[in-house]
Amino acid sequence: MEKCKHTVIFLMILFVIFPNYAQALKVVLDAGHGGKDPGALGVNGLKEKDVNLDISFKVKNILEERGHEVVLTRENDTYISLQDRVKLTNQQNADLFVSIHANAHHDPSIKGSLVIYYNNQYPDKDYPASTAMSVLTPYSKTLAQSVLNGLITEAETKDLGLMSKAVYVARMGSIPSILVETAFLSNEEDAARLFDESERQKMAIGIANGIETFEPITFWDALDHWAITSIIRLQDNDLIFGYNNSYEPNRSLTRAEFLAMMDRIFYFTSDKAPEDEQTTQDPHDNLSDEQQTPTTEENTESTQENNLEEETESSEESDVSDQEKNNHEQNNTNTDSNETNDEESTSDNTSESDSNQQTKVETKDFKDLSTDHWAFKIIHEAVNNGYILGYPDETIRPNEPISRAEVSVIFNRIWNENETEATEATFLYEDVSEGKWYAESVYLLKELSLLNGITETKFGPERNMTRAELAVMVDRFLY
Ligand SMILES: [Zn+2]
């Protein structure tokens, strides 16, 4: 058990040290058409099947030179059904699938590159996707965009964007899958490109570059989770890491995990901090532009979030909250609150005195925080900065769940957003009344669309925060 824990810690350290360590990918390349099926015919006489095969081989060579493993669905001019292509792909245990085609249109003026992927938001009744593919959309879309970007950059073809379409090879597999339309054989200029060996090589380099940026799926347990888009985005930005190919989105977030995430976005353990205690605000300043614009589409997630919330257990955390609260009150008796900004409440003494405590709270030894805890330094700094307070029994409980109320209060405290206050008269949660120690933070986060209630009328302050909820909250804050 202990050994296992150390392995996890070691891997986490590796991730921190080598966050962009390029992983070798296993790629299936599918040259479209073949044999009796020539595909589109070019205005210059080119056959699509030949162009597709040539570019596929070029991409294969480039990727293999860079250390990736590549499987081709066909290596010569043979006919293979779409079903067989997918079947073969599913047997490979590969990371991704790319089908390579050239386009044609009855309007000869149309030219450019586009990439097709299956989008589960627009299911086609007549062409249902495989179960796996219907949850892989975020990955396929990410891959599609990377490959399109690579192609446009290298080959300088016209950017026609992404297209969501239920084509067979993009909707029936079990791994992230896309179909690349390199250029139009029906357009003179594009057909000339496809005829030119060096232009095809550029296309291949662009496609390979795009493929190479793809981060293989690690969080298999989160694939069909409502928070997957946020989870992927944070993972791509090296903000979250899982364990053994899983993210455990529905698991309760621990206090240590929460502080570790806060440190990743506010950098309070960075080397700069000790020189100037005041600079704890700087990370916030760096981030403030981004956090001003929570995206509206994510509001749609809130109802799903509500549903999910029902699953979380909330048996013990009321004690935690109460004790945290008691502890605040205890500490407040010996600090003055001159920098408080919550005029509306005299009874709510909890959120204001923290920066004063920076000098008053000494880093004490918590009974349950050993120096070899993976988050020791982070927790140590969080206490020093007054972001969190220990419990009266001299514990800090790093591995225990953190409640939604605590997350709200501590997030606000670290963010140190003195200028923003929740608008008055927004006390819309039945379970968050005005006098509560967390009320101001809860309503502020609600107003900023960072953390919604579990229903329209309930916030669930004493429920455990889940790892998925944190991912969405941080995603909304940063992106
Ligand atoms: Zn084709």
(request) Would you please give the FRET efficiency between residue 107 and residue 165, computed as 1/(1 + (r/R0)^6) with r the Cβ-Cβ distance and R0 = 30 Å, to the nearest 0.05? (result) 0.95
(message) Take the residue pairs 36/202; 26/58; 60/111; 141/165 and return only those whose Cα atoms are more than 19 Å apart.
(response) 36/202; 60/111
(request) Considering only protein heavy atoms, with the full assembly of protein chains and a 1.4 angstrom probe, order 226, 415 by accessible area, largest first. (result) 226, 415
(request) Using packing as a proxy for protection, rank 380-389, 192-201 so that the peptide with the highest average count of other Cβ atoms within 10 Å comes first. (result) 380-389, 192-201
(request) For the stretch 18-212, go through all pairs of different Cα atoms, get the mean of 1/r, take its inverse, and jot down that Kirkwood value in Å. (result) 16.4
(request) Determine the share of the stretch 18-212's accessible area contributed by carbon and sulfur atoms, expressed in whole percent, with a 1.4 angstrom probe. (result) 49
(request) Would you mind computing, in nm to one decimal, how far apart the modelled labels at residue 399 and residue 81 are, each placed 7 Å from Cα along Cα→Cβ? (result) 5.4
(request) Would you please give the FRET efficiency between residue 43 and residue 121, computed as 1/(1 + (r/R0)^6) with r the Cβ-Cβ distance and R0 = 41 Å, to the nearest 0.05? (result) 0.70
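The values are calculated or read from the model by the stated rules, or taken from the named source; none is laboratory data. The shown structure was predicted, so the numbers you read here are calculated from the model rather than taken from an experiment. Here Cβ is always computed from backbone atoms with ideal geometry, including for glycine, and neighbour counts include all displayed protein chains. Protein only, heavy atoms only, side chains kept; ligands, DNA and RNA dropped before computing areas. Shrake-Rupley method; radii C 1.70, N 1.55, O 1.52, S 1.80 Å.
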